Amino acid sequence: MTCRMLFFDFRESEKNFFENHEFCNYDIKFFSEPLNEDMLSKLTDDDFEKTRFISVFISSSIDEKVINRFKNLRVIMTRSTGYDHIDIQSCLAKNIALINVENYGKTSVAQFVIALILMLVRNLYLALMSEVKDLFKSNNFTGRNLNTLTLGVIGTGSIGSGVCRLASGFGMKVLAFDIRPNDELKNDYNVEYMDFEGVIKNSDIVTLHLPYLKENYHLFSDKQFEMMKEGSYFVNVSRGNLVDTEALLKYAQMGKFKGIALDVVACPDVNHITVDNIENDTLFCVENSKSVQELMKLNNVIITPHMAYNTQDSIDFILESTFESLSDYLKGGRKNRVL
């Protein structure tokens, strides 16, 4: 007997995986839209009755109302490491397993961060925009060698560690903060661990690599931006809600930063996103956030549409890990189980 699976946030880049794998034991229905309360009206009574497994990405918002509509749901699989878009307490109350994917972005995101840093430090973005705007006469594109700069990495999990290793390869001095320091980074890559404020105050470039938790909300706001060096660089590819966007805008307009790069922004109304892929979620947030719109007007700010992880290699890894974890669950295992 096949088991009903609903697969939300389905993207063009995921089609190749399903075309090259057989899933005889699953009756899979694909939806390009995210799963949220608005999406419930598009599902059938049969979906609510028969669905055992759901797969989503972080653009979905699975609250108590959504969970309670499914009569026989057994597993929610998020194709991400973070799971703050899923109501944990409702899962526990209904005895629903939650599976995530670890480490899928340790290479792709780390490489993307270095690319953003190079764009900022070598003024590549400014040069490209100047050419587009017919301002190429400007000579104000002088950059810096990376090996003359200090990189501050906030969070040295799999992605942050990857950034440290790559930065070390460029000869950068690397400072890091994490509640659990990584001995390999210290011993093999000369990463120096400091307290949170020490990293912020002593780095030319600060990059964030933390999960979003309630206690991390607006981890970077007025106080932290004030601590940073004049003419420093700020990079966030982790979670938008880690950063107080209004405070960032204020200091950017004051000339505090030499450059800013954001692959994520805080969205004011995430529950009403009705787009067909995660890349557009950031565009939705940009259009609905005055602070982000103002940041985009600045020549030294790069905002990309949540694409740091988005390589075919990472996407295939996510899908492979998702189905391997589900298979393990069905055998009584706990691979990648959050709950």
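The values are calculated or read from the model by the stated rules, or taken from the named source; none is laboratory data. As the structure is a computational prediction, the values presented were derived from the model and not from experiment. Backbone-built Cβ (ideal geometry, glycine too); neighbour counts: all protein chains shown. For the accessible areas, the whole protein counts, side chains as well, though only heavy atoms, and no ligand, DNA or RNA atoms are used. Shrake-Rupley method; radii C 1.70, N 1.55, O 1.52, S 1.80 Å.
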How many residues of segment 192-201 are open to solvent by 70 Å² or more (accessible area, probe 1.4 Å) and outside any helix (DSSP H, G or I)? The answer is 2
Would you check if residue 324 is acidic (Asp, Glu), at pLDDT 85 or above, more than 24 Å from residue 121 (Cβ to Cβ) and assigned to a helix (DSSP H, G or I)?
yes
Surrounded by 14 or more Cβ atoms within 10 Å (Cβ to Cβ), closer than 24 Å to residue 265 by Cβ and touching a residue at least 12 places away in the same chain (Cβ under 8 Å): does that describe residue 76?
no
How many residues, within segment 298-339, are among the polar types (S, T, N, Q), surrounded by 14 or more Cβ atoms within 10 Å (Cβ to Cβ) and over 23 Å from residue 235 (Cα atoms)?
4
Checking residue 121 against (1) farther than 15 Å from residue 260 by Cα; (2) at pLDDT 95 or above; (3) among the β-branched types (Val, Ile, Thr), which test does it fail?
(1)
When segment 43-60 is examined, which residues are found to be within 28 Å of the chain's Cα centre (by Cα) and open to solvent by 20 Å² or more (accessible area, probe 1.4 Å)?
52, 58
Residues located in segment 47-73, provided they are in contact (Cβ under 8 Å) with a residue 24 or more places away in the chain, of a type in the set (D, E, K, R) and assigned to a helix (DSSP H, G or I):
47, 50, 64, 65, 69
Restricting to segment 224-239, and then to whatever is in a strand (DSSP E or B) and among the hydrophobic types (A, V, I, L, M, F, W, C), can you tell me which residue is farthest from residue 84 (Cα to Cα)?
234
Identify, by number, the condition in (1) surrounded by 13 or more Cβ atoms within 10 Å (Cβ to Cβ); (2) at pLDDT 95 or above; (3) within 18 Å of residue 257 (Cα to Cα) that residue 148 doesn't meet.
(1)
Would you check which residues across segment 256-265 are over 19 Å from residue 124 (Cα atoms) and either open to solvent by 20 Å² or more (accessible area, probe 1.4 Å) or within 22 Å of the chain's Cα centre (by Cα) (or both) and list them?
264, 265
Give the residue, chosen from 115, 110, 93, that is open to solvent by less than 10 Å² (accessible area, probe 1.4 Å) and either at pLDDT 95 or above or more than 28 Å from residue 304 (Cβ to Cβ) (or both).
110
In this structure, is residue 157 open to solvent by less than 30 Å² (accessible area, probe 1.4 Å) and not basic (Lys, Arg)?
no
Among the residues of segment 211-223, count how many are within 12 Å of residue 84 (Cβ to Cβ) and open to solvent by less than 40 Å² (accessible area, probe 1.4 Å).
1
Which residues, taken from segment 160-182, are out of contact with any Gly (no Cβ under 7 Å at 6 or more places or on another chain) and open to solvent by 20 Å² or more (accessible area, probe 1.4 Å)?
165, 166, 168, 169, 170, 171, 173, 177, 179, 180, 181, 182
Out of (1) acidic (Asp, Glu); (2) open to solvent by 60 Å² or more (accessible area, probe 1.4 Å); (3) more than 20 Å from residue 295 (Cβ to Cβ), what's the single condition that is false for residue 204?
(2)
Residue set 220, 234; condition in contact with a Leu (Cβ under 8 Å, 6 or more places away or on another chain) and either under 16 Å from residue 167 (Cα atoms) or acidic (Asp, Glu) (or both); output residue 234
